[in-house]
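The values are calculated or read from the model by the stated rules, or taken from the named source; none is laboratory data. From a predicted model like this one, the values you see are computed outputs, not experimental measurements. All Cβ positions, glycine included, derive from the backbone under ideal geometry; neighbour counts span all protein chains shown. Note: accessible area is taken over every heavy atom of the protein model, side chains too, but ligands, DNA and RNA are not part of it. Shrake-Rupley method; radii C 1.70, N 1.55, O 1.52, S 1.80 Å.
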Amino acid sequence: MRASAPAKINLGLVVGPVRDDGKHELLTVYQRLGIADRIDVDPADRLTVRGFEQDTLVRQALELLAERSGIEPRWRVRIDKRLPVAAGMGGGSSDAATALRLANTALDDAQLHELAAQLGADVPFFLREGPQLGSGDGTTLEPLDLPQDFWIVLALQNDARKESTAAVYRAFDQRNGADGWDKRAAQFRAVLANIRRPRDLAALPPNDLASSPLSDELRTLGAFRADVSGAGPTVYGLFHHRDAAERARRTLRTRARTWLTAPAWYG
C-alpha cells in the first residue's frame, strides 16, 4: 500500500479570538500541491515507522486508529521524506493523513475525520479532495470551487528559523490581532464567493500570523499573489505562466530552497 502525501499552502489565513477550547478561531483556504512525501504501509507483527527519525505524528495516528478500530497496531510504515520539516507546508500532517487512509479498514469518513482532527488542524484536510475552506479551529471543512490553472513557486529562505506555532499565536495575541474578527471573516468569505479566475485570488487578505520580504520580491518578479503559508516560514508566489514562475525560482535559488509546482486535486 503506497500513496503520495502532498504538501499544502494556505491561500489566506484570517485569525480571530481564542475559543473556549484554547484554540483560535480562523478562516483559511487549504490548497494541495503537486510535491509530496511518499508513504508505504504494510501489515506487520508490530508497528514500526522508518525513513524519518523525527516522526511522531504517523505513529500517533496509527496507534489511535488501532485503538478506535479495536485492533492491535500492526503495520510497517516507510516514510520517504521529500518535503521540508516545520516549514508551513503541512508535511507531517499529510504523512499522518495518508497513513490513516492506507491503514484504515474499519472507520467511515466521519469517524476518520474526527480522529484526524485530534491529531492537528491540518490533518483532516488531507483526507479530502480539492481546495477546502477551513473554519473553526481549521478542522471544519467546506469544499471550494476555485481556479486551479496557475503555477506556484515556493521559497524557504536559507537562514529561516521556524518559530513554534504556539509562539506565533502568542505574538498575534500580544498585538491584539483578533480585533475586528467578525468583519474580517465576513470580508474573507465575500472575496471567496467572487473568485472566478486565478488573478481573483490576489484579493484574499494577507496572512494574519506571518509576513516576509520574500513576498514583496515574488510580486516584483511577477507573482499575482504572494504570501507566507500557515505559520511560516515558507513563502509562496502564484504565477499565470510557467516561464515566469521558473525565472522567479531561479532568481531566488541562491538564497532559498525553491520549488516549482502546481495545484493538485488529491494525494
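General remarks:
- Set Asp179, Asp159, Asp173, Asp200: member being open to solvent by 40 Å² or more (accessible area, probe 1.4 Å) and either in contact (Cβ under 8 Å) with a residue 24 or more places away in the chain or touching a helix residue (DSSP H, G or I) at 6+ places or on another chain (Cβ under 6 Å) (or both): Asp173
- The sole residue among Leu65, Leu47, Leu11 that is open to solvent by less than 30 Å² (accessible area, probe 1.4 Å), hydrophobic (A, V, I, L, M, F, W, C) and without any contact (Cβ under 8 Å) to a residue 40 or more places away in the chain is Leu47.
- When each of Asp137, Asp95, Asp145 is tested for being modelled with pLDDT of 95 or more and surrounded by fewer than 13 Cβ atoms within 10 Å (Cβ to Cβ), the lone residue that passes is Asp145.
- Pick from the stretch 245-255, criterion out of contact with any Asp or Glu (no Cβ under 9 Å at 6 or more places or on another chain) and touching a residue at least 12 places away in the same chain (Cβ under 8 Å), ranking: most open to solvent (accessible area, probe 1.4 Å): Arg247
- Residue within the stretch 234-244 that is of a type in the set (D, E, K, R), within 20 Å of Asp149 (Cα to Cα) and without any contact (Cβ under 8 Å) to a residue 60 or more places away in the chain present: yes
- Leu133 being assigned to a strand (DSSP E or B), touching an Asp or Glu at 6+ places or on another chain (Cβ under 8 Å) and touching a residue at least 12 places away in the same chain (Cβ under 8 Å): yes
- Pro84 vs. criteria open to solvent by less than 40 Å² (accessible area, probe 1.4 Å), touching a Leu at 6+ places or on another chain (Cβ under 8 Å) and at pLDDT below 95: yes
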